[in-house]
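Read the structure below first, then the notes.
The values are calculated or read from the model by the stated rules, or taken from the named source; none is laboratory data. Because the structure is predicted, anything quoted here is derived from the model rather than measured. Glycine gets a Cβ as well: all are built from the backbone with ideal geometry, and neighbour counts include every protein chain shown.
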Amino acid sequence: MSESIKFGGSKGLLIAIALGFVLGIITGNVVLAVAPKGTQVLLSDWFKAFGDVFVRLIRIVIPPLIFFTIAAATSSIANARRLGAILALMLVIYLGTSAVAAVLGIIAGQAFQPGLGVGLEVPKDYKPPTPPSGVDLIMSFFQLDFNNLLAVGGSTTMIIFALILGISVVLMGDEGRKISYFLSLGSKLMIAFVRAIMYYAPVAVFMYSAWLIIRYGPVMLSAYAKFLATQYSFTLMHFIAIYSILVLMGGLNPIKYFKAQLTPFMIAFATRSSAVTLPANMDAARRMGIPEEILNITLPIGATVNMDGTALYQALSALFIAQLFNIGLSPYHISLLILAAVVGSVATAAIPGGGTIMLAYVLSVLGLPLEGVGIMMVVDPIADALRTAINVSGDNASTVLISRLLGSKLKGSIN
Ligand code: ASP
């Protein structure tokens, strides 16, 4: 891999982002402690706005980045079996890890019962919502229309388009080589584009962390605290234990993985968007030595479909809501919940709050009150920060294992 496609001075950027993170948290706490209420609101609005600028800048590059990376990678793999192997392994590992996360969410909810004893009343006119049919759900992944390609939330359309386009280039034979070269140049160009935007990342991380503390710090003292403590501890457990196992199976020292993952972790935590974190996540994968042909396929797709943090959150939230309303769930409902949380996490858009919007689907499968979505909205940004960080980290841990299974040796391999 040429030096030119790395972020300029990755170490410097990492330190600047870490500094932004710590200073943001300190600033938020200072504002909470000394500023009057009105000033707090005003400052938090400004902090958020400067953070939002980063997200909007990255949003410009997401459609072409997904297009060029996936199309370039697919068109460069002339061997259909290899492409099939990458896609098949990816699906099995992505779905498997999300199911493990959903089970952890259920264990957390059953063991700690964060919603017990609150006793909310189920609304009088409450009727259990009707879940969408299986056919409707599957078809919702195939809302394919050329106009969707550039739409926010149109990533699935773009992924399918780029995959088929890459395959078509291979089908063109010799003539297709020039197009494949053009696509790979395009993908390098997009990475350079991202590098330019990344100089703003430390500022954005500072702004978002300060905003999160000022706006949501006080909520941490309320009844939601137990939910968040449960979610944070189990999500971190998934991150540390499950991903260590994955990368160990992938033949990589977990320390190398956690080190490489630090920058995307902080960017995901601050921006709460897997899509926005995609470029930084790809850079981390390159630093671990994962081959371009693999990471250019697994990471853009992973950002959209693989969300372990969200699966865990949705499973735990459903139990939390059932407990708040004193609604008992049978073992049948619990097994249904694992499935619903995995499907819900796949269908979740890689944007801030996407997981809580899709929680409506999970609740409807179990017949739980949809008011639960509103209840979870109150603490969503805090819950979202960590689940997004784990969502992106899961893509890279799985990619390490996929690379190993496909015969690549990574930098810092332990065997
Ligand atoms: N914000 C998450 C992400 O982008 C999705 C979610 O809300 O769960 O990965």
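Hand me the list of helices (runs of 4 or more DSSP H) wholly inside segment 171-287 holding 1 or more residues that are within 15 Å of the chain's Cα centre (by Cα) and within 16 Å of the ligand (Cβ to nearest atom).
On the way: elements: 176-198, 201-216, 224-237, 243-249, 254-271, 274-287.
Correct list: 224-237, 243-249, 254-271, 274-287.
From the list 71, 33, 49, 18, pick out the single residue that is under 20 Å from the mean Cα position of the chain (by Cα), small (Gly, Ala, Ser) and either more than 30 Å from residue 171 (Cβ to Cβ) or part of a helix (DSSP H, G or I) (or both).
Working: 71 fails: under 20 Å from the mean Cα position of the chain (by Cα); 33 fails: under 20 Å from the mean Cα position of the chain (by Cα); 49 fails: under 20 Å from the mean Cα position of the chain (by Cα).
Among 71, 33, 49, 18, only 18 is under 20 Å from the mean Cα position of the chain (by Cα), small (Gly, Ala, Ser) and either more than 30 Å from residue 171 (Cβ to Cβ) or part of a helix (DSSP H, G or I) (or both).
Between residues in segment 112-123 that are under 10 Å from residue 226 (Cβ atoms) and residues that are of a type in the set (Lys, Arg), which pairs lie under 8 Å by C-beta distance while being six or more apart or on different chains?
112/226; 114/226
Considering only residues that are touching a helix residue (DSSP H, G or I) at 6+ places or on another chain (Cβ under 9 Å) and either at pLDDT below 75 or within 25 Å of residue 231 (Cα to Cα) (or both), which ones fall in segment 124-143? I'd like the intermediate steps shown before the answer.
From segment 124-143, those touching a helix residue (DSSP H, G or I) at 6+ places or on another chain (Cβ under 9 Å) are 126, 128-132, 137, 140-143; that's our starting set.
126, 128, 129, 130, 131, 132, 137, 140, 141, listed by residue number.
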